[in-house]
Structure formats: C-alpha cells, structure tokens
Amino acid sequence: MMKEKLKGLLMGVVIGGLLFGTAAFAASTAKIEVSFENIKYMFDGVQKVSTENAILYKGQLYAPVKFVADASGKEFSYDGKNKTAWVGKKEGSFKYLSDVNYARTDGPSGSSVHFNQNPYSNKIEIAGDKFQKGIVFNLSFMNNKSTSIDYNLNGKYKKLSTFIGVDDETKNSNRVVTYRFIGDGTELDLLENVKGGDNPNPVKIDVSGVLKLQIVAEPGNVFESTWAALAEPKLFQ
C-alpha cells in the first residue's frame, strides 16, 4: 500500500513543482530519495487539510497539483497531449504572441525589441509580478520616437489578451508610455500614461478578421531609458 501511495505522489511531483518550486527532475524512471512529513496546509491563514504523506526533497515541499487546487477551491485539469496543467479557469486554445514569428519591427537607433525576457536577459517583471512570456520594447533615452512590432495574423485569430506595464528594471523612470494596438490601419485600443510601478494592466482586444496587427510603444517626452512590457500576450483562435 505504501508503494502505491508513493507512486501516486511521485506522479504529482513534476507538476507539483509548478506551485511549490522548481521541479526536481524531468519525467523519467530515475530513482530519488525522499522523506515523508506530517504537513499542515494553510490557505489564507485557514488550515484546510493536513497529511502525513507530504514529500520533502532537497528542502523543497511537493504535492500533487490537484490536491492543492481542490484544497484552495480551484478547478484542476491536466492536458496530457499538450503537457499543460490548468488551475482555475481553463482558457481555450491559444498561442503566445511572443512565440509567433513577427513580420517586422521598426524604431529609432538605440531601441530594440526582446522576446520572453528583458534586455538584461532576466524574466519580465511588472510591479513585482514575474512572467515567463512577453515582449519588451527597449525605448532608448536618446529620443522620443515610437518602437513597433507587426504580426501577420491573416484573420486566423479572434482575441488578443495581455498585461501591459513597465518592466521593473526601469520602474523609476519618469517617462510614461502609450500603447497603441492597430489592426489593418485602424486603432483597436489605446492605453495612455502607463508608468513604472503601475500594476500589470489586463487588456483584451477583438482581432477577429485582422490581417495585420501592429503594436506600438510610444514614449513620453522625458528622455530616460524605459522598458515597455507586454506580459502573457495570448492569441486565441
């Protein structure tokens, strides 16, 4: 019976790492030594459950995601085909915009566009929230001209969702940023006066039938380096 419990718990170790720290190992047949502890699980200060079969491995606590999701009142599902675990609301099929081939970028000398990291090759971070995916516009301090990126959507998508802000590496910049989302020459959305330290601002844009999408980061007149960031940009079909 103990072997069966261990087998079941170990199946959750890899996925459980998503909530309790970095996964200890890739899915394989490798053997590891773990210890069992009696752990109380507190959610928002309230004990929801306790178990004697919590696994400790190299100082990290692991538990099956479903166990944690259920205890916190969240729905859980696992898509084995796409290797994706969903905790809470499950979204439809999507692609990360930052992983899609772009058509072109435009901007003045000194500006640049970075994918899934900031110009220092660190994770994108907005007001303390870190993101795995995103696009960062490095708006040069040398000028106040806009930087943009174009995508050929070819009418394949219905919605774009993302969070916008300023990467924390330049959160003390006094320069504000305006974001423009343009579909086939028509402005779809405009967000003005975004500044460092602001919380990530959720944005949802209807891109149904759009052939070409352009995203523009427009810096204010203060000549300070600013990293405008789009975090978790998702295209839904």
- Query: Roughly how many nanometres apart are two label points built 7 Å out from the Cα toward the Cβ at L211 and Q132?
  - Reply: 3.5
- Task: Evaluate 2.2 N^0.38 Å with N set to the residue count of the stretch 108-237, then give the Cα radius of gyration divided by it.
- Result: 0.99
- Can you tell me the accessible area per residue over the stretch 138-237, all protein chains present, probe 1.4 angstrom, in square angstrom? 45
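The values are calculated or read from the model by the stated rules, or taken from the named source; none is laboratory data. Keep in mind that this is a model prediction, so the values were computed, not measured. When we count neighbours, we look across all protein chains shown, and the Cβ atoms used for this are built from the backbone with ideal geometry, even at glycine. To get the accessible areas, we keep the full protein, side chains included, count just its heavy atoms, and leave off ligands, DNA and RNA. Shrake-Rupley method; radii C 1.70, N 1.55, O 1.52, S 1.80 Å.
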